[in-house]
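Notes follow once the structure below has been shown.
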Amino acid sequence: MKEKLEQIRAAAVAELSAPEADLEALRIRFLGKKGELTAVLRGMGQLTAEERPVIGALANEVREYIENAIAEKAEAQKSAALAKKLLDERLDVTMPGKVPEVGKRHPLAQVQKDMEDIFIGMGFSIVEGPEVEYDYYNFQALNIPENHPARDTQDTFYITENILLRSQTSPVQVRTMEKQRPPIRIISPGRVYRSDAVDASHSPLFHQLEGLVVDKGITMGDLKGTLETFAKTMFGEQTQIRFRPHHFPFTEPSAEVDVSCFVCGGKGCKLCKGEGWIEILGAGMVHPNVLRGCNIDPDEYSGFAFGMGVERITMIKYGIDDMRYLYENDVRFLDQF
Ligand code: DAH
């Protein structure tokens with residue numbers, strides 16, 4: 001029996017030496033009611049009176065020994081688990097951080113904002129108008145009656161016979177003059193639509209920025225000064241502007257306005273296609289018919305207006321030679337601005 005008890009002790013020691021030993025299973029196996037030690041104690045009845053206390057004492061000692069060994073092992077397993085957890089969850093505060101990607105404005109939105117800021121600096125306020133517009137505001141009130149040839153160059157998308165997607169921001173001029181008495185000094189940026197096929201310089205959706213000033217004694221000199229200030233702020237202090245006679249139904253006189261090429265300074269280069277000048281907008285003195293249609297007396301008031309493409313200004317400013325880049329949302333392109 002003595003040997004049997006020592007065997008049990010040795011077996012327990014061997015089992016407990018495994019790092020992943022299942023302690024509860026071992027406790028049941030060696031110390032449980034149906035365990036190996038209990039089985040030995042049950043056989044004590046057969047021992048002699050002298051042997052019994054000796055074996056009893058040894059059995060108790062082995063029990064205590066195994067109990068202690070299991071408790072020690074439990075401690076060891078606990079601290080090993082903690083050490084592993086600490087290692088796994090270690091945070092190296094000296095590692096370089098992850099820089100979060102910060103978004104930014106689309107180049108068109110940025111240029112539109114720059115344009116707005118320039119005109120706000122000259123005392124203009126921003127007015128918005130509907131993109132779904134009446135034929136009346138988009139054409140008729142702007143002195144473009146039905147069958148006028150100017151409609152050809154601004155063919156657009158019709159919702160009904162007299163409701164369309166606006167082909168220009170100029171209708172906001174009329175909407176503003178109907179609601180507000182002079183002095184008026186507004187700009188109106190926004191989307192416009194034309195039934196054009198997509199190519200390097202056309203898109204069925206693009207953006208314009210309209211300007212309108214109406215007051216007593218407004219002259220073409222005011223228009224020139226305003227556009228010169230805009231051009232110098234947008235393209236650089238040395239920029240010159242040039243007015244070329246043109247025709248728009250809603251202004252008289254009308255002009256197309258060029259800026260001197262800010263790349264070559266007027267000598268001629270790739271950007272200005274050898275011209276030295278780049279066309280940036282249309283402008284003129286508000287036509288008396290347009291004023292009259294809004295109940296503003298052209299003998300008392302005069303005004304100027306201008307309209308330009310946000311895409312065009314963006315492409316000139318950044319030397320972008322294909323408009324489609326602006327709509328493809330390729331971050332490799334957009335990241336450059
Ligand atoms: N609406 C014109 C266009 O889309 C641009 C324009 C020209 C606007 C002259 C104006 C202007 O206000 O006076 O082509």
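Looking at the range 97-140, which of its residues are over 19 Å from the mean Cα position of the chain (by Cα), closer than 14 Å to residue 234 by Cα and open to solvent by 30 Å² or more (accessible area, probe 1.4 Å)?
If the condition is that a residue be over 19 Å from the mean Cα position of the chain (by Cα), closer than 14 Å to residue 234 by Cα and open to solvent by 30 Å² or more (accessible area, probe 1.4 Å), then 116, 117, 120, 121, 122 are the ones that fit.
Specify which of the listed residues (325, 301) is away from the ligand (no atom under 12 Å from the Cβ) and in contact (Cβ under 8 Å) with a residue 12 or more places away in the chain.
On inspection, the qualifying residue turns out to be 301.
Could you tell me whether the range 257-276 includes any residue that is within 30 Å of residue 105 (Cα to Cα), open to solvent by 60 Å² or more (accessible area, probe 1.4 Å) and over 34 Å from the mean Cα position of the chain (by Cα)?
Yes.
Inside the range 133-188, can you point out the residues that are of a type in the set (Asp, Glu) and within 15 Å of residue 213 (Cα to Cα)?
Within the range 133-188, 178 is the sole residue that qualifies.
Please find, within the range 169-193, the residue that is farthest from residue 309 (Cα to Cα) out of those that are touching a strand residue (DSSP E or B) at 6+ places or on another chain (Cβ under 8 Å) and either of a type in the set (Lys, Arg) or part of a helix (DSSP H, G or I) (or both).
If we take residues in the range 169-193 being touching a strand residue (DSSP E or B) at 6+ places or on another chain (Cβ under 8 Å) and either of a type in the set (Lys, Arg) or part of a helix (DSSP H, G or I) (or both), then 177 is farthest from residue 309 (Cα to Cα).
In the range 182-200, what residues are among the hydroxyl-bearing types (Ser, Thr, Tyr) and either within 14 Å of residue 156 (Cβ to Cβ) or more than 25 Å from the chain's Cα centre (by Cα) (or both)?
Result: 193, 195.
Could we say that residue 15 is modelled with pLDDT under 85, charged (D, E, K, R) and not in a loop (DSSP other than H, G, I, E, B) here?
Spelling it out, residue 15 is indeed modelled with pLDDT under 85, charged (D, E, K, R) and not in a loop (DSSP other than H, G, I, E, B).
Taking only the range 141-155 into account, find how many residues are free of Cβ contacts under 8 Å to residues at least 40 places away in the same chain and surrounded by 13 or more Cβ atoms within 10 Å (Cβ to Cβ). Give the derivation first.
Restricting attention to the range 141-155, the residues satisfying the condition of being free of Cβ contacts under 8 Å to residues at least 40 places away in the same chain are 145-147, 149, 151-153.
From what's left, surrounded by 13 or more Cβ atoms within 10 Å (Cβ to Cβ): 151.
So the count comes out to 1.
Under 7 Å by Cβ, and 6 or more places apart or on different chains, what pairs join a residue from the range 156-168 that is assigned to a loop (DSSP other than H, G, I, E, B) and aliphatic (A, V, I, L, M) with one that is open to solvent by 10 Å² or more (accessible area, probe 1.4 Å) and away from the ligand (no atom under 14 Å from the Cβ)?
Matching pairs, first to second residue: 159/132.
Hey, which of the strands (runs of 3 or more DSSP E) in the range 203-298, taking only ones fully inside, have at least 3 residues that are modelled with pLDDT of 95 or more and within 16 Å of residue 185 (Cβ to Cβ)?
It comes to 205-215, 277-286.
Taking the range 173-208 as the search range and keeping residues that are small (Gly, Ala, Ser) and under 13 Å from residue 130 (Cα atoms), which one is nearest to the ligand (Cβ to nearest atom)?
So, considering only residues that are small (Gly, Ala, Ser) and under 13 Å from residue 130 (Cα atoms), the one nearest to the ligand (Cβ to nearest atom) is 188.
Within the range 21-33, is even one residue touching a residue at least 12 places away in the same chain (Cβ under 8 Å) and part of a loop (DSSP other than H, G, I, E, B)?
Checked the range 21-33: at least one residue is touching a residue at least 12 places away in the same chain (Cβ under 8 Å) and part of a loop (DSSP other than H, G, I, E, B).
For the range 270-297, give me each residue that is of a type outside the set (Phe, Trp, Tyr), away from the ligand (no atom under 13 Å from the Cβ) and within 25 Å of residue 115 (Cα to Cα).
270, 271, 272, 273, 275, 276, 278
Out of (1) within 11 Å of the ligand (Cβ to nearest atom); (2) within 18 Å of residue 247 (Cβ to Cβ), the odd one out for residue 312 is which?
Here residue 312 meets the rest and fails (2).
The values are calculated or read from the model by the stated rules, or taken from the named source; none is laboratory data. Because the structure is a prediction, the values reported are computed rather than measured. Note that each Cβ is placed from the backbone with ideal geometry, even for glycine, and that neighbours are counted across all protein chains shown. Just the protein is used for accessible areas: all its heavy atoms, side chains included, with ligands, DNA and RNA removed. Shrake-Rupley method; radii C 1.70, N 1.55, O 1.52, S 1.80 Å.
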